[in-house]
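Below is one structure; the comments refer to it alone.
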Amino acid sequence: MKKVTMIKGLAVALGMSMFLAGCGSSNTPQEGSQPPAGNTESAQGSVGEQVDHKIIGIDPGAGLMKATEKAIKDYDLQGWELVEGSSAAMTAELTQAYKDKKPIIVTGWTPHWMFSKFEMKYLEDPKGAYGKDEQIHTIVRKGLKEDQPSAYAFLDKFEWKPEDMEKVMLDIADGKKPEEAAAEWVKNNEETVNKWVEGIQPAEGKKLTLAYVAWDSEIASTNVVKTVLEQKLKYQVELSQVEAGPMWVGVSNGDVDGMVAAWLPTTHEDYFKKLGENVEDLGPNLNGTKLGLAVPTYMNVNSIEDLKK
């Protein structure tokens with residue numbers, strides 16, 4: 001049987017983390033991201049032996065972790081451990097392993113900056129343990145359309161592409177503050193932003209609260225939305241970083257105005273089933289997400305089935 005362990009001592013914020021989480025991606029590495037030529041992956045033993053039969057995961061309870069537990073069961077990966085931690089801890093381990101060109105298997109999702117910074121690949125999932133590709137939805141509280149029509153109109157129009165999100169994520173991972181990376185993206189994508197706010201009246205100082213989970217993807221998207229609401233529509237926006245459960249509850253009970261961080265239909269399936277009737281789903285703001293197990297391309301493994309060898 002699999003075991004679940006905890007990452008300890010990896011509070012290094014090399015990637016802003018939920019994670020969740022919770023995917024089509026640009027796999028072109030940034031200049032200088034190639035692993036050092038002097039190091040070589042150990043050719044001794046099976047893939048499982050090379051990684052000590054460990055899969056490096058993220059937040060316990062995340063939909064991606066549940067899907068990975070299902071994959072371990074579906075593929076009968078006896079003796080494998082799913083290591084719980086956080087998105088930041090996972091990317092810290094990945095960054096170090098990639099630097100040393102050591103084998104590693106992580107729970108991955110797209111969009112994520114790791115696919116832009118490193119040469120990565122998803123392991124094939126012939127049993128479909130991770131389900132179909134997901135979408136990221138915008139969810140708002142009931143009554144927002146009447147109370148805050150300008151915010152509602154913009155959030156209803158907000159939609160971007162995985163490569164847009166990954167650009168903001170990578171800038172943050174490389175050291176920029178989230179608000180700085182978001183402001184730069186907004187400045188460099190004026191045409192897209194203007195379409196989002198076309199015909200919408202500024203709110204002139206009205207307050208708005210958005211919730212998000214500390215996943216790299218949601219830090220990027222929520223800060224971009226905040227920047228547009230403040231710069232273009234004159235809102236005062238407060239961001240609330242919480243876990244996935246409190247994020248959904250906050251929107252459903254009206255304490256939070258909305259979120260752009262709902263991964264459906266898999267990652268946040270349980271929350272949507274419980275609370276979906278108490279919120280308004282404005283539909284996807286991003287298509288082309290993916291969940292699965294990811295490895296550096298220098299590893300000689302192509303499918304989850306290969307982990308049994």
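The values are calculated or read from the model by the stated rules, or taken from the named source; none is laboratory data. Since the structure is predicted, the reported quantities are computational estimates derived from the model, not experimental observations. Positions of Cβ are backbone-derived with ideal geometry, glycine not excepted, and every protein chain shown enters the neighbour counts. For accessibility, only protein heavy atoms count, side chains too; no ligands or nucleic acids. Shrake-Rupley method; radii C 1.70, N 1.55, O 1.52, S 1.80 Å.
Can you tell me which residue in the stretch 123-149 is modelled with the highest pLDDT, limited to those that are more than 28 Å from L233 (Cβ to Cβ) and touching a Leu at 6+ places or on another chain (Cβ under 7 Å)? Explain how you work it out, then say what you get.
Step one: list which residues in the stretch 123-149 are more than 28 Å from L233 (Cβ to Cβ), which gives 123-134.
Going one step further and asking which of them are touching a Leu at 6+ places or on another chain (Cβ under 7 Å), we end up with 123, 130, 134.
Details: L123: 98, Y130: 92, E134: 87.
By that ranking, first place goes to L123.
Which ones in the stretch 85-102 are more than 18 Å from D216 (Cβ to Cβ) and in contact with a Ser or Thr (Cβ under 7 Å, 6 or more places away or on another chain)?
Within the stretch 85-102, K101 is the sole residue that qualifies.
Within the stretch 46-61, restricting attention to residues that are in contact with a Phe, Trp or Tyr (Cβ under 8 Å, 6 or more places away or on another chain) and closer than 17 Å to A92 by Cβ, which residue is modelled with the lowest pLDDT?
Out of the qualifying residues, it is D59.
Test of understanding: among E238, E180, which residue is closer than 24 Å to P149 by Cα and open to solvent by 60 Å² or more (accessible area, probe 1.4 Å)?
Checking each option against the conditions leaves just E238.
Are any residues in the stretch 194-215 surrounded by 14 or more Cβ atoms within 10 Å (Cβ to Cβ) and out of contact with any Phe, Trp or Tyr (no Cβ under 9 Å at 6 or more places or on another chain), and if so, which ones?
Within the stretch 194-215, the subset surrounded by 14 or more Cβ atoms within 10 Å (Cβ to Cβ) is 196-197, 200, 203, 206, 208-215.
Once the filter is applied, which keeps residues that are surrounded by 14 or more Cβ atoms within 10 Å (Cβ to Cβ) and out of contact with any Phe, Trp or Tyr (no Cβ under 9 Å at 6 or more places or on another chain), the stretch 194-215 yields T209, L210, Y212.
Can you pull out the residues in the stretch 246-280 that are of a type outside the set (A, V, I, L, M), open to solvent by 50 Å² or more (accessible area, probe 1.4 Å) and either farther than 18 Å from K145 by Cβ or not in a helix (DSSP H, G or I) (or both)? Break it down stepwise before answering.
Going residue by residue through the stretch 246-280, those that are of a type outside the set (A, V, I, L, M) are 246, 248, 250, 252-255, 257-258, 263, 265-274, 276-278, 280.
Now drop any that are not open to solvent by 50 Å² or more (accessible area, probe 1.4 Å), which leaves 246, 253, 255, 265, 269-274, 277-278, 280.
Within the stretch 246-280, P246, N253, D255, P265, E269, D270, Y271, F272, K273, K274, E280 qualify.
When you scan the stretch 281-302, how many residues do you find that are buried (at least 18 other Cβ atoms within 10 Å of the Cβ) and not in a loop (DSSP other than H, G, I, E, B)?
Residues that pass the stated criteria total 10.
With a cut-off of at least 3 residues that are crowded, with 22+ Cβ neighbours inside 10 Å, name the strands (runs of 3 or more DSSP E) lying wholly within the stretch 69-133.
106-110
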